[in-house]
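Structure, as structure tokens:
Nothing in this text is a laboratory measurement; each read-out follows from the coordinates by a stated rule. Since the structure is predicted, the reported quantities are computational estimates derived from the model, not experimental observations. Methodologically, a virtual Cβ is constructed for each residue, glycine included, from the backbone with ideal geometry; neighbour enumeration extends over all protein chains shown.
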Amino acid sequence: MRRSLLLGCLLTALVWASAIAQDRQVTGKVTSADDGSALPGVSIQLKGSTRGTQSDANGAYTLSIPTSGGTLVFSFIGTTTQEVEIGNRSTVDVRLVNDARALNEVVVVGYGTQQRRDLTGSQVTVKGDDIARLPVQTFETALQGRTPGVQITQGSGRLGSALQIRVRGAASISAGNEPLYVLDGIPITSQDVNTTDNELFSPLADIDPNDIESIEILKDASASAIYGSRASNGVVLVTTKRGKVGRTNVTIGYYTGVSKPTRLRKFLNAAQYKELFSEAATNAGYDPAEEFEGSGLDLNSTADVNWSDQAFQTGSVNQANFGISGGNEKTRFNLSGALNKQIGIVIANEFKRNNIRLNLDHNISKKFTIGTSLALTRTINRKTPGDNAFSNPVQLNALPPIQPIYDPANPTQFNRQTLYYNNLIEVSNANNYANTYRMFGNLFGSYQVIPGLTFRSEYGFDFLNLQEELYQGRLTEDGSPTGYGYQAQSRAMNWTTNNTLSYLRTIGNHNIDLLAGITYQEQNLQTVSTEGRGFPNDKFKKIASAARILSGSSTATGYSILSYVARANYKYRDRYLLGLSGRIDGSSRFGANNRYGFFPSVSAGWVLNEEQFIKDLVPVLSLLKLRASYGVTGNSEIGNFDSRGLYSAIPYADQAGIQPTQIANPDLRWEKSSQFDLGLEFGFRNNRVNGQIDFYDKTTNDLLLNVPQPGINGFSTIARNIGSLRNRGIEFSLTSQNLIGAFRWSTNFNISFNRNKVLRLDVSPIRPTARFLSYVTEGQPLGIFYGKKYLGADPANGDALYEGPDGKPTNDYSSAPDLYVGNPNPDFTGGLTNNFSYKGFDLNVLLQFVSGNDIYNVAGLFQSVNGDYFDNQTVDQMKRWQKPGDVTDVPQARLYEGNGTSVSSRWVQDGSFLRVKTVSLGYNVPGRLMRKVFAQSARIYVSALNLFTFTNYTGYDPEVSTQYANSSTQTANVALGHDFYTPPQARTLTVGINLGF
Amino acid sequence: MTRFIRYTAILATAWLASCTEVLEPKPVDLLVDNLVLNEPNDVEPARIGAYSALRGMSSTNMIAGDFTADYIRHNGTFNDYRELGTKQITSSNGAVASLWSNMYRTIYVANFILEKLPQISSVTEATRKQVSAEMRFLRGYAYFIGANTFGDIPKVTTTDQGTNRTIAKSPKADILAFVLEDWKAAETDLATIEAGSTATVVNGTYANKISARAMLARYYLYQKNWAQAEAFATQVIDSKVYTLETNFVDIVGKDFTKESILEVGYALSDDPGTSAFGLTNLFKSRREVIPSDQVVISLLSTESGTRRATVSFDSQNLKGDDNGWTVEKYGTPDNDNNNIVLMRLAEMYLIRAEARAQQNKLTGTSGAIADLNVLRARAKAPNVAATNQADVLSAVERERVYELAFEGHRWYDLLRTGRIQAVMTAFSPNWKSTYERWPIPNGEVLRNPSLKDAQNPGY
């Protein structure tokens, strides 16, 4: 179907191309307005036609045009597009002005658009073109390093894995911390609804990055307060591409590539393993051979297996996409689609997405416009088991190298007598598919009631249907002895309507822009699931074939939000800006006594460069804008029924029972953030150098906490709004066009500093699980590492030492006090982008850096414990203490004796890293060559993602956050920077081509 | 098309008017406060819910009785069991917190039903009386275990959250007096069961007059009121509602046997599986704890007879420190045989034997030895050879091991007989008198201002 469609488009393009008639020639030269140098590769298009060309190496061009003339459109990267009327000239020379950093660019804001110059809030824009061709599964990944004030962490290298996004720091302990995602004005489901494990996958992977025109991340209260009770974590506005008036553009693209893990960890080989564990057994007074045998190991084995490498493979990525867009004054359209297939770097991990989108706009009359967007996506993810599963391939690194992988005598061919589960069996005997069927859609009508006054009504939906299909064959650990099957269907439906009236008017020196509206959203999530055991053989995988149905369930939940929004922007003499916005949110999640909340913001801006005295003082200034804002936003990412007193059905030995399960709190409400922002935007020399600096202070009060109460109440917790925390920081970004002209070089640098501090907790400090170091306590940042401080091995006897109560080393673990031993929050994060272009070539290099954060490798408790149990050890354990006088941080090897094996700072390391995030080299094939194949443009490119990573972390990848932590939202929020058999990121190399017709 | 706009505008206005309704979607698979327990039909599921709460505290009840004493050895990786196995129990132990919260959950649910029942009109008087008595039976059980495990504990008698947040400890004796009050009232109001009843599931699940008497027998034994203990045990035995199984192996492997007086049931649908504190998981699937060498030796002795079926041996398990033995009383992971027996008839014989021996009634048909021999005969073991009081008491203690091993009695038995120091010091070098009580869970001390500085001594 898709193929014939593509073919059709191609044919159409051919017909058009051949229809060009030769009339007369126009020639000319394109130069830079700044230094007069020739500009090669400038696109020159005859407006409203398919005729076009590019300037050559000397900036010269020739184009045939109709005798009647017309208008030429000159466009070039980094310059303002210029339109020139030809008239009856035969030579048209043009000087292209350097792009004034798009000051007059229109940006998307909540429920509308605004000129960038007039913004009084803080928001960051990423253009769709910057991220479209990266081999990622979900678009947030491509934002890394480009967004000051927004920290984006991909916790795991599993395909489609959900990212952690923190806009100006984590603002919550127990409620959600992820921003609100709004796609073309409609809030969408952005949190995984899977029912099988704690590993979260991103439902945003259902959005094709190619479809994105722009992404706006609203950071301060002025920008985001219009989203009220859901704005505390920032708002991400995603706008998709729409058709434009003009010729029909057809593009097709394809890329393919391979991927490998960024980093691997080294474990003991057979000889080292035997040496270390024999020593460990001897030191503990055992006979090594006997102890090896006791654990099913053979000290004389000749096997030498690198188990840890078995978890990984060379992955691949392939994507083909097409886009057709165009239209006339009456109707515009954009039709696009893609097919994406990726094979992960972790064995048996696959991701596939097929999607199609149609965006359509039509003018019924001059006053009345309607439009729609419809997108259908199917995503299939073959998931690998979560970090904390014995079937997680990365856990193979715990297997002794002296045990062989294969056993010819076993029906599976695999050795099944291994110390832990040999989960390689799962590759062909188990699967876990998450099949998502997603539909995004909206329909809008916009009517100009009187000039300046527009009514817009919008209706949108987001249907997410997730089908989970899991089967564990009879030879697998969980499926033994007769197979295990699980099926679930989850359906998340979001319905939204927005109705707004906007009024735009200029009276003399006064500009006003008013907006008022009402919006309503309803979400409903339904899940049905069933599981069974006892399959006749592994070919029967559906539950219908199960001899025993273990369970079946259906549940439903939902919430609704009714809101009133209003905004007023006022501008006086183009230089004094004032903005007011507010939202009233009523949410079903809030308690009966606090059903409605009001979220206001106020902001002001002063465009100083418009003032005569500034112009006189610093004439090179092209922009100097000072702005400030203050506002209140909320976080309503709490449970749907947290405020109610609840009872649940309690089955008791096949009888129906009821038990109270939750105490009501009718006062329950949103978490409330008050944010102050002060920003300065500047530009020099027609904005060749421009940047901004922002300072913010975001204090969140009324933090929702499950307040532990004495168990004697019958309930050990009650949800209450107490506690507060603060994020404050500085963001700085600078863009400079270092070289303009034929050889162009531009640089963008951004850096952000955020400091997080829990101000008030009112409950006892939170320790999510005993195995983690994460801790929440007043006066410290969220998730600070708190535990025993490890001091290495005692040179005298090889005992593990900890910092004792008197500050002196002690070997008595229990007497050592808990201390602050690390901080998972970075000191600063940022990125550096360099773009170079010369003639048809362009090179883009993006560096990403994160500095000052610590990582705690929880798996160290098993893999780096100087041979305490038979788990294979990391190579650094060979540095163990062996004789008095040895100075090392690895204690003496003592089998089973727990010498330094308890939770401590022993596995805390600096997690700072610098990453060559993307490198992309492209070549635009000259137009005259392309026309021979009836194409308008062609770009071929090679690119690399995560090319190099520089870090002192000795684990897999320093960008890590184990989803083992996700047992609850709170744990996920708090257990930052923990590594637990987590797969590293992929380093992906791709080569691709884009053709335009 | 303008109609479309008008329509939208009307809709918008309609929302304004109906917003309160719009914002109250009903939870679907949960019920909100005002929808529960207002009609007679709700009483039955609420009652079941209360038994479910009892079930919630049962596994940790067993853990307290068996793991704190000399029955188990730690063989796994979980810290909670390492602490119990190596006798280094701390106030942050998960099992301690679980028993505490589930015990008070049972008390809460019982109080809740006791408060709500009088408000529901049109419930028959008989139902009200029976269900109230059952709730007092359950509340009494929770407090009995609580007082014997933790010593002095807060006494909660209502569901009022405000009051309950700050209740201080009451002396153990007061709690036990409250237990007696509840159980006496339960004994009076609960329905009786006819002798020879074959409804073993009902008789073992729900409280009745006989099971209340069985509880009182245990109560008086703990109080060293030998005469009353003997009297109540006799009433239970003579009622013939519960009768001994012929083969001890059925006690090990089967649910709801004829002699089960109070048992909490699991079906396949709510199998404890690998849930925290699930006994099947701890004993069998994970082998987190294994029977100690000495309990294995006891159970394999001639005196124990067929009761050796309580444990099994598999040489496959002989790795490291593992002795290869497994506790069999809590079923297998995949089958529906994971019930927990809180009380069964054999205990009545043991209570009566001990009470009689304490009163120096040793021989004859109403002597202690006769009661012990009933159990010996069933176990195909030789009769008791003891003749003097001390030896008979010692035989009772041994018999309780053979018969009731891993049914949650050992630690409580050693405590009430005063043998704890002698037995436990010999068992573990880490033992100290602190462990004669469990600690108040750490969280409780932090959260309840009245428990500040009221931690049990030594923790």
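The table for this structure:
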item: Helix-only [θ]222 nm of the protein assembly as shown, DSSP H runs n ≥ 4, -39500 (n - 2.57) each, per residue, nearest 500; result: -6500 deg cm²/dmol
item: Cα-centre dipole for the stretch A:23-96 with unit charges at Cβ (Lys and Arg positive, Asp and Glu negative), debye to 20; result: 200 debye
item: Where the Cα pairs of the stretch A:167-299 fall when distances are cut into 10 Å bins, in %; result: 9, 21, 18, 15, 13, 13, 8, 2, 0
item: For B:Tyr412, A:Tyr433, order by how many other beta-carbon atoms lie within 10 Å, fewest first; result: A:Tyr433, B:Tyr412
item: Value of Rg to Rh for the stretch B:40-421 (Rh from inverse mean 1/r over Cα pairs, i.e. Kirkwood); result: 0.95
item: Rg [Å, one decimal], Dmax [Å, integer] - the stretch B:378-442, C-alpha atoms; result: 14.5, 48
item: Label point distance in nm, B:Asn430-A:Asp667, each placed 7 Å from Cα along Cα→Cβ; result: 4.3 nm
item: Where a label projected 7 Å from the Cα of A:Asp287 along Cα→Cβ would reach, residues of the stretch A:393-430 with amide N under 11 Å; result: none
item: Cβ-based net charge around A:Asp667, under 14 Å, with every Lys or Arg adding one and every Asp or Glu removing one; result: +3
item: Stokes-Einstein D (µm²/s) once Rh is taken as the Kirkwood radius of the stretch A:870-997 over alpha-carbon pairs, at 37 °C in 0.692 mPa s; result: 168 µm²/s
item: Histogram of C-alpha separations across chain A, 20 Å bin width, %; result: 12, 40, 35, 12, 1, 0
item: Taking A:Ser837, A:Ser902, A:Ser172, A:Ser90 and counting other C-beta atoms within 10 Å, the order from fewest to most; result: A:Ser90, A:Ser902, A:Ser837, A:Ser172
item: Among A:Asn88, A:Ser37, A:Gln54 the positive-end extreme of the charge dipole of the stretch A:23-96 (Cβ point charges); result: A:Asn88
item: Taking A:Tyr254, B:Tyr71, B:Tyr104, A:Tyr559 and counting other C-beta atoms within 10 Å, the order from fewest to most; result: A:Tyr254, A:Tyr559, B:Tyr71, B:Tyr104
item: Length-normalised contact order of chain A in % [C-alpha pairs under 8 Å, at least 6 apart]; result: 12 percent
item: Normalised contact order of the stretch B:40-421, rounded percent, pairs of Cα under 8 Å and 6 or more residues apart; result: 19 percent
item: Student exercise, the stretch B:40-421 dipole from Lys, Arg, Asp, Glu Cβ charges, in Debye to nearest 20; result: 560 debye
item: Cα shape, the stretch A:23-96, gyration tensor, a/c 1.5 rule; result: prolate
item: Net charge over other residues, Cβ less than 12 angstrom from the Cβ of A:Thr67 (K, R count +1; D, E count -1); result: 0
item: Signed unit charges on C-beta, dipole axis of chain A, positive-most listed residue A:Tyr564, A:Gly386, A:Ala434; result: A:Tyr564
item: Relative contact order (%) - criterion: Cα under 8 Å, at least six apart; region: the stretch A:23-96; result: 37 percent
item: Size of charge dipole - chain A - debye, nearest 20, with Cβ of Lys, Arg +1 and Asp, Glu -1, no other charges; result: 4080 debye
item: Neighbourhood charge, 12 Å Cβ-Cβ cut-off, centred on A:Gly285 and excluding it, Lys, Arg +1 and Asp, Glu -1; result: -3
item: Rounded to 5, the percent of DSSP beta bridges in the protein assembly as shown classed as antiparallel; result: 95 percent
item: Modelled FRET efficiency - R0 25 Å, B:Thr306 with B:Gln88, Cβ distances, 0.05 increments; result: 0.10
item: Dipole of the protein assembly as shown, positive direction: furthest Cα of A:Gln970, A:Ala770, A:Thr949, with charges on the beta-carbon; result: A:Thr949
item: Estimated FRET transfer efficiency (A:Arg573, A:Trp495; beta-carbon r; R0 60 Å; 0.05); result: 0.85
